[in-house]
Amino acid sequence: MCTIGYGDITPNSPTTKLFSIMFVLVGFGFIDILLSGMVSYVLDLQENYFLRAVKQKGENYMDAKSGAGPGSYFIDVKKGRMRIRMKVGLALGVVVLCIGIGAGVMHFVERLGWLDSLYLSVMSVTTVGYGDRAFSTFSGRIFASVWLLVSTLAVARAFLYLAEARVDKRQRRMTKWVLGHDMTVADFLAADIDNNGFVSKSEYVIYKLKEMGKVSETDIIRICNTFDRLDTGNCGKISLADLMENRH
């Protein structure tokens, strides 16, 4: 179910092969959902712990001008979340820890040399699994059944955070370019939604959000349709009377 497949133990009858097919297809999704939820829960607890620690210990050290504390490089206190660089660091740290634990168990339990232990640990955690090395002892296999599930999920989470970091970096670069880009005649015509010859502040904000990719034309149309539904008087405004009328 971890997609490794050492090849040391394989089904050798039609019944066991059919069972393996059903077990992997059903169990893979079930275990993935279960363990992914567990990993997300642990990471959320860890994130909340870091946030509370920064808020409690960093309030006395806040910069008067910028409002940044000693942990602001890792924690975005204003948004109430970890910075992506912190998530990447923690995820990679967990991967390294899993590799180290696996290498240690293989050395002392499976009686492999340190190089072979590290080799097998890395090949297992990264789900490569050549099959030239595998767990052979009963205790080693019991350990691997738990260790591999956690380790492969940690690797997947690390790659997810790395991808998120790249997307975040590209989004920040795009936002910087959009905000620093002067409005052209073509931009003006595109931003003038109601074609009245001038661009209001709300129209300018919507146009810039569309340029940044933070809102799409479909989203704007849906929001406008919802507004039109609430604006029963077709006056371009939502009054308290309109709101109460829609509720009834």
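Contact map, region 125-148: residues that are touching a residue at least 12 places away in the same chain (Cβ under 8 Å) and in a helix (DSSP H, G or I) paired with residues that are charged (D, E, K, R) and surrounded by 14 or more Cβ atoms within 10 Å (Cβ to Cβ), Cβ distance under 7 Å, separation 6+ or inter-chain. Pairs shown: 140/110. Restricting attention to region 110-124, the residues that are aliphatic (A, V, I, L, M), surrounded by fewer than 19 Cβ atoms within 10 Å (Cβ to Cβ) and touching a residue at least 12 places away in the same chain (Cβ under 8 Å) add up to 2.
Could we say that residue 215 is within 32 Å of the chain's Cα centre (by Cα), surrounded by 12 or more Cβ atoms within 10 Å (Cβ to Cβ), under 30 Å from residue 41 (Cβ atoms) and among the β-branched types (Val, Ile, Thr) here? Answer is no for this residue. Working only within region 106-136, note down all residues that are at pLDDT 90 or above and among the polar types (S, T, N, Q). Across region 106-136, the qualifying residues are 117, 121. When 229, 157, 222, 247 are checked against the criterion of being of a type outside the set (Phe, Trp, Tyr) and within 28 Å of residue 87 (Cα to Cα), 157 stands alone in meeting it. Residue by residue through region 180-211, note down the ones that are touching a helix residue (DSSP H, G or I) at 6+ places or on another chain (Cβ under 7 Å), modelled with pLDDT of 85 or more and either loosely packed, with under 14 Cβ neighbours inside 10 Å or part of a loop (DSSP other than H, G, I, E, B) (or both). Listed by number, the residues that qualify are 192, 199.
Test residue 214 against the stated conditions and say whether it is closer than 30 Å to residue 89 by Cβ and either assigned to a helix (DSSP H, G or I) or not aromatic (Phe, Trp, Tyr) (or both). Considered against the rule, which asks whether it is closer than 30 Å to residue 89 by Cβ and either assigned to a helix (DSSP H, G or I) or not aromatic (Phe, Trp, Tyr) (or both), residue 214 comes out as yes. The one condition from (1) touching a residue at least 12 places away in the same chain (Cβ under 8 Å); (2) exposed (fewer than 11 other Cβ atoms within 10 Å of the Cβ) that residue 234 does not meet is (1). Against the condition touching a helix residue (DSSP H, G or I) at 6+ places or on another chain (Cβ under 8 Å), touching a residue at least 24 places away in the same chain (Cβ under 8 Å) and either surrounded by 19 or more Cβ atoms within 10 Å (Cβ to Cβ) or assigned to a helix (DSSP H, G or I) (or both), how does residue 168 come out, does it pass? Against the criterion (touching a helix residue (DSSP H, G or I) at 6+ places or on another chain (Cβ under 8 Å), touching a residue at least 24 places away in the same chain (Cβ under 8 Å) and either surrounded by 19 or more Cβ atoms within 10 Å (Cβ to Cβ) or assigned to a helix (DSSP H, G or I) (or both)), residue 168 qualifies. Assigned to a helix (DSSP H, G or I) and closer than 30 Å to residue 7 by Cα, is that true of residue 221? Answer is no for this residue.
Can you name every residue in region 108-127 that is more than 31 Å from the chain's Cα centre (by Cα) and either farther than 18 Å from residue 146 by Cβ or among the aromatic types (Phe, Trp, Tyr) (or both)? The answer is 108, 111, 112, 113, 114, 115, 116. For residue 174, the stated conditions do not hold, so it cannot be described as in contact with a helix residue (DSSP H, G or I) (Cβ under 9 Å, 6 or more places away or on another chain), of a type in the set (A, V, I, L, M), free of Cβ contacts under 8 Å to residues at least 60 places away in the same chain and part of a loop (DSSP other than H, G, I, E, B). So in region 78-96, with the set limited to residues that are modelled with pLDDT of 75 or more and small (Gly, Ala, Ser), which one is nearest to residue 41 (Cα to Cα)? Here the residue is 91. For region 125-156, a tally of residues being of a type in the set (D, E, K, R) and either surrounded by fewer than 19 Cβ atoms within 10 Å (Cβ to Cβ) or assigned by TED's automatic domain parsing to the domain that holds residue 204 (or both) returns 2.
Scanning region 208-248 for residues that are more than 30 Å from residue 167 (Cβ to Cβ) and among the hydrophobic types (A, V, I, L, M, F, W, C) yields a count of 8.
The values are calculated or read from the model by the stated rules, or taken from the named source; none is laboratory data. No experiment lies behind these values; they were computed from the predicted model shown. No Cβ is skipped: glycine too gets one built from the backbone with ideal geometry, and neighbour counts run over all protein chains shown.
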